[in-house]
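Take a look at the structure below.
Values quoted throughout were computed directly from the atomic coordinates according to the rules given, and no laboratory measurement underlies them. The shown structure was predicted, so the numbers you read here are calculated from the model rather than taken from an experiment. Here the Cβ positions follow ideal geometry from the backbone for every residue, glycine too, while neighbour counts run over all protein chains shown.
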């Protein structure tokens, strides 16, 4: 059964093990920004006229309605909501401690008063209270502006929430909610539990159904849950000293020690661009692992222990039908955005004037190359050798090499930049490589090493720019790959009509 058929039926349809949340197209509904209706029976999330949609993530509030500091929590939420005017709010676990029913009524009042749609993913402490999660969820379902479904798999509130295009005709983004569960019953494996196989199967089947109804193209998505997955520890190891990492880290990642494979499914389904969690109060960083952004929320509650991080919220802005997002932190003591992050290109130099395009005549598709053979330990050694052969190649390729080891290439020409933007380039090479645009070193992947990826960003104007790539192979394996991404393009690799060389004229000889 196709997803668009489900929408026309205006009902919640259960697909084996799946609940896809389908919303009325014709009922009066809560809209984004300042067009929020009083009608709350049916809620349809849509992108605004600028084709953007803003989400606020509150996490780890640890609210106690008996605490003398409880109003501080409410004030923080009111400040963030007033400052950001979100289209949707996600509470990612460990929200209310005690007393439960009164606490949930008080902590959700800022959302209801603001008439902003909202949802919850439960944390490990939410399951420790005297009242269990399924009972809490039944209360939440009756509250105004709440969106979510209990689900038919492990946990409570495993939901797929669609965000529709501005004209309301199709799904432009999906929000996946997962219950990351609580504690492992067999602690010798892990203290914390993990997302179960039936939850992963639910996600995979839902993703496949949405893709089938979208001309077999994946729909961009975000995932929210409380306990971070093990891959969160990789982004700070790989990217902390590079461009694709920002925010605060004051403790180690505390995931389940068992990796049940949800991240591998995100990679395979190729739809989730961002994963957002809570749990570790001393962490509020965001980074990238490959093509997926992994992010902590900003701890929100004043009762959350063991943290010096300023309380606030994470803000996420997404774009209609684009595999892209922006994210930043909002706190009451700062008026500007903090730790601003852009995906898929982390634009650390956003605002810098772009390199102007060059006037280039007599261009033909391809690149000029020079091929060398000999002992090399760095890209600087290439030019010390004699040219073995040269010619024209359509794209980046080392198929012309005449040796298995100890050879090098210089590629020169122009790259055709489709739009003015900031571009995040990478090279993946075995051994060394260096990529230059307009004479500026953008990616330094030099040295004798096994296959590894390095990256860098540069602002470029639409049009042609001088392009140069140096590559050498030392021994034991050889490969070179380049690609780039922007806010509007998740990844491009060696595309046709990307590289050009200048035909030599009598004047240029």
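For segment 166-270, what does the alpha-carbon gyration tensor say about shape, rounded, prolate or oblate, given a ≥ b ≥ c as the root eigenvalues, a/c under 1.5 as rounded, and a/b over b/c as prolate?
Working: a/c = 2.44, a/b = 1.41, b/c = 1.73.
Verdict is oblate for segment 166-270.
Approximating the spin labels as points 7 Å out from Cα along Cα→Cβ, the residue 364-to-residue 419 distance works out to 3.2 nm. Here's the picture: a label point sits 7 Å out from the Cα of residue 205 along the beta-carbon direction, and within segment 143-165 the residues with their amide nitrogen under 11 Å of it are 152-153. Summary value for segment 363-502: 32 percent relative contact order, contacts being C-alpha pairs under 8 angstrom separated by 6+ residues. Taking the inverse of the mean 1/r over every pair of distinct Cα atoms in segment 106-193 gives a Kirkwood hydrodynamic radius of 14.8 Å.
In this rough spin-label picture, where each label sits 7 Å from Cα along the Cβ direction, the residue 335-residue 378 distance is 4.8 nm. Here percent of Cα pairs over 46 Å apart was calculated from the structure, and among (i) 6; (ii) 10; (iii) 20 it sits at label (iii).
Is segment 313-449 best put as rounded, prolate or oblate by its Cα gyration tensor, with a ≥ b ≥ c the root eigenvalues, rounded for a/c under 1.5, and otherwise prolate when a/b is larger than b/c, oblate when not? In terms of gyration-tensor shape, prolate. Measuring r between the beta carbons of residue 404 and residue 48 and using R0 = 56 Å, the FRET efficiency lands at 0.50.
Counting only helical runs of four or more DSSP H residues, what would the 222 nm mean residue ellipticity of the chain come to if each run contributes -39,500 (n - 2.57) and the total is spread over all its residues?
Working: 7 runs with 77 residues, N = 509.
The helix-only estimate for the chain comes to -4500 deg cm²/dmol at 222 nm.
Note on segment 241-341: Cα-Cα pairs beyond 21 Å make up 38% of the total pair count. If you take every DSSP beta bridge fully contained in the chain, what fraction is antiparallel? Give it as a percent rounded to 5. The antiparallel proportion sits near 75 percent. Between segment 269-295 and segment 357-387, the alpha-carbon centres lie 39 Å apart. Considering only alpha-carbon pairs that sit under 8 angstrom and 6 or more positions apart, the relative contact order computed for segment 3-343 is 19 percent. Could you tell me the distance between the Cα centroids of segment 433-478 and segment 127-196, to the nearest Å? Taking the Cα centre of segment 127-196 as reference, the centre of segment 433-478 is 43 Å away.
Projected label points at residue 131 and residue 440, each 7 Å from Cα along the beta carbon direction, are separated by 5.7 nanometres. For the chain, take the longest principal axis of its alpha carbons; what is the angle in degrees between that and the long axis of helix 197-212, to the nearest 10 within 0 to 90? Approximately 70 degrees, to the nearest ten. Take 367-379, 316-328 and order them by the average number of nearby Cβ atoms within 10 Å per residue, most first; the result is 316-328, 367-379. The peptide list 391-400, 436-445, 154-163, 266-275, put in order of mean Cβ contacts within 10 Å with the highest first, becomes 154-163, 266-275, 436-445, 391-400.
The C-alpha atoms of the chain define a longest principal axis, and helix 100-113 lies at about 60 degrees to it. The order of the peptides 43-50, 383-390 by mean Cβ neighbours within 10 Å, most packed first, is 43-50, 383-390.
The angle between the Cα long axis of helix 70-84 and the longest principal axis of the Cα atoms of the chain comes to about 50 degrees, rounded to the nearest 10. Counted residue by residue at 0.36 nm each, then reduced by the alpha carbon distance between them, the extension gain from residue 397 to residue 234 reaches 55.6 nm.
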